[in-house]
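Notes to accompany the following structure.
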Amino acid sequence: MYINKYLIPLIFLLLIYSGQVFGQIVLDENQIPIVPEDFHSLNTPYTATLSFFYNLREDNYDPKTAAEALKLSPDNQAEAEKLAIKLKQIFDGNGVYVRISEVPNYPDYIDSLYSKQAKFFFDTKKLPLVYLEKRNGEWKFSAFTVSQIEEMHKETYPFGTDRLLNFLPKLGNQVYLGLHFWQLAGLFILILLLFLSHKIITVLLDKGFLYALAKLGYGYVGEKYLLPVARVTSIYLIVVMSSLFIRLLQLPIEVVAFALKVLNAAKPLIITIVFYKIVDIVAMYFGKLAEKTESTLDDQLVPLLRKTLKAFVVIVGTLFVLKEGLEVDIVPFLTGLSIGGLAFALAAQDTIKNFFGSIMIFIDKPFQVGDWITSGDVDGTVEEVGFRSTRVRTFRNSVMYIPNGKIADSTIDNHGLRHFRRFYTTLTITYDTPPQLIEVFVEGLRKIVDNHPNTRKNAYNIYFNNLSAYSQDIMFYIFFEVPNWTEELRCRHEILISIVSLANGLGVRFAFPTQTLHMESFPEKNTLVPSYNHDMALYQGKLQEFMAKELFKKDSKD
């Protein structure tokens, strides 16, 4: 919006300045070239060029003589004069400034750069189809150039604007401030068109565009993201209009060349700004998609994607500004960049390896932010994934930065992707525990697992499975369905408390590495070996009593 406000006054000042320059060029007699007496002979590229341009000057207007530099038959003189005038307008409209002093002035000139023939090209970038060639001892514009004049004229003055070239001079040729009256009128019309375009576009965007988006439910998105893009696009339309109409004013070639250079540079610059803002819209869209996924790695990818795209847009836009505006040949630059890029790649192998490692992490998604991973010496929780390294918070609360290239080549154990967390231990009970009590104890352990809300019910193993040196061993192998380690520790605590409570309720004793010396008992002395009741019903009753207590505790918590 602010660019629109200041763009039109800047163009106005530029055109007023061009009028002053025009007046200086017209009145400055030193700008009139020294004309040799034989310049009508067309025997060199210099005399042919001078004859053509000198006879189309305002103070020496002779299109009939200028048309002699075109390859046309004498019977078609009127058509030759029209084509000569249009060819001069093509030079002026494209801002091609011909320096007469740099044109070769010898008859046997050979173009050693492009064609290796008797040809002279004026500007191979802006007017590659316009050149002089030597035929029958005379230098004239080539037949191919003459055949392309009409087409080039339409490209230089598109959309019917060439008609204004004949209409504007009819408004008057009086000179004011170094400009003809028709040129001043053209300036006024151009500024009026720019002002009206600015107002119309502003109303359409602020009123119509935003209103339509608000009706569709995208008012916030339109005002924050789409409206800035539309406003910058409107500036592009104004620049295009300026580049079209400034050619019609027939200003001095130096001014037209400078103005077109500025406007040609502004076009890719504005397009770069548009795409720079479009990147924000794309990032917002992918950000919304990332919010819908369970993976937190997408949330890290979106900001990195936005920064990468913006850097790419800026680099490409800068190259086009240099090429279109400053007319810098970027091909040698790109060639040198490729060679330098090879040397840079050899010197920065680790950096490139880390970059591609980060790409593989984002594609394969071996982990996401918040996962607990183990890889070699790395053991901790992932906090951030960058383009070069991944940041992991260890359980010592320190931070480790691991190059992504190393992670991509390593084996990663992602504990965060576990659906269930295993808990395995061995319950050792004393050898004097009778089989009936062991059966009831194992049954009670299974009921503890079945009643716990966070255990896997269809896959656990609790069996009396070993006789070790000092104990009878019960394998206790279960899984917790919990999201993190903290919840796993809580569930372990609850299960172990229940196991100890069950053992105390049933009278089961846990064994530990000991050596027991058994002595013969005396009638009046009791041994240290406990006596067990082998009544299965008694133990089942104790188990039911324990489970009733556990159920009561659970109901009390709920």
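Just so you know, all these numbers are worked out from the coordinates, no wet-lab data involved. Source: prediction; values computed, not measured. Every residue, glycine as well, gets a Cβ built from its backbone with ideal geometry; the counts of neighbours run over all protein chains shown.
Going by amide H atoms built from the backbone, whose H comes under 5 Å of the H on R509, apart from near neighbours? Hits under the 5 Å cutoff: T430. Residues whose amide H comes within less than 5 Å of that of F367, counting only those at least five positions distant or on another chain, are absent (H built at 1.01 Å from N in the peptide plane).
Could you give the nm distance between label points at N504 and V262, where each point is 7 Å from its Cα heading toward the beta carbon? Distance between the two pseudo-spin positions: 9.1 nm.
Most exposed first by the Cβ proxy, i.e. fewest other Cβ within 10 Å, how do R492, R247 rank? Can you show the working numbers first?
On the way: R492 16, R247 24.
The most exposed by this proxy come first: R492, R247.
Over region 49-98, calculate the relative contact order: mean separation of alpha carbon pairs under 8 Å at least 6 apart, over the residue count, as a percent.
Working: 40 pairs, mean separation 14.6, N = 50.
That works out to 29 percent.
For region 365-416, the gyration tensor built on C-alpha atoms gives a rounded shape. Its axis ratio a/c (a ≥ b ≥ c) stays under 1.5. Each residue of region 382-398 is assigned a 3J(HN,Hα), and the resulting list reads 6, 9, 7, 10, x, 6, 10, 9, 10, 9, 10, 8, 6, 6, 8, 6, 8 Hz, derived from the Karplus form 6.51 cos²θ - 1.76 cosθ + 1.60 (θ = phi - 60°), x at Gly and Pro.
Phi-derived couplings, Karplus 6.51 cos²θ - 1.76 cosθ + 1.60 at θ = phi - 60°, listed residue by residue for region 86-101: 5, 5, 5, 5, 5, 4, 5, x, 8, x, 8, 9, 8, 8, 4, 5 Hz, with x used for Gly and Pro. Computed from phi, the 3J(HN,Hα) profile of region 241-247 under the Karplus parametrisation 6.51, -1.76, 1.60 (θ = phi - 60°) reads 4, 5, 5, 6, 7, 5, 6 Hz, with x in place of Gly and Pro.
Distance from the Cα centroid of region 373-399 to that of region 56-123 is 72 Å (rounded to whole angstrom).
What does the net charge come to around Y477 if you take all other residues with beta carbon closer than 13 Å to its beta carbon, with K and R at +1 and D and E at -1?
Working: positive: R421, R422, R446, R456; negative: D473.
Combined, the nearby Lys, Arg, Asp and Glu give +3.
Under a 5 Å amide H cut-off, with hydrogens placed 1.01 Å from N, V482 pairs with R421 among residues at least 5 apart or on other chains.
With a 10 Å Cβ neighbour count serving as the proxy for reagent exposure, in which order, fewest first, do E443, E291 appear? Could the numbers behind the result be given before it?
Numbers: E443 16, E291 10.
Taking fewest neighbouring Cβ atoms as first place, the list is E291, E443.
Fewest neighbouring Cβ atoms within 10 Å first, the residues I315, I429 line up as I315, I429. Counting charges near L427 (Lys, Arg +1; Asp, Glu -1) among other residues having Cβ under 12 Å from its Cβ returns a value of 0.
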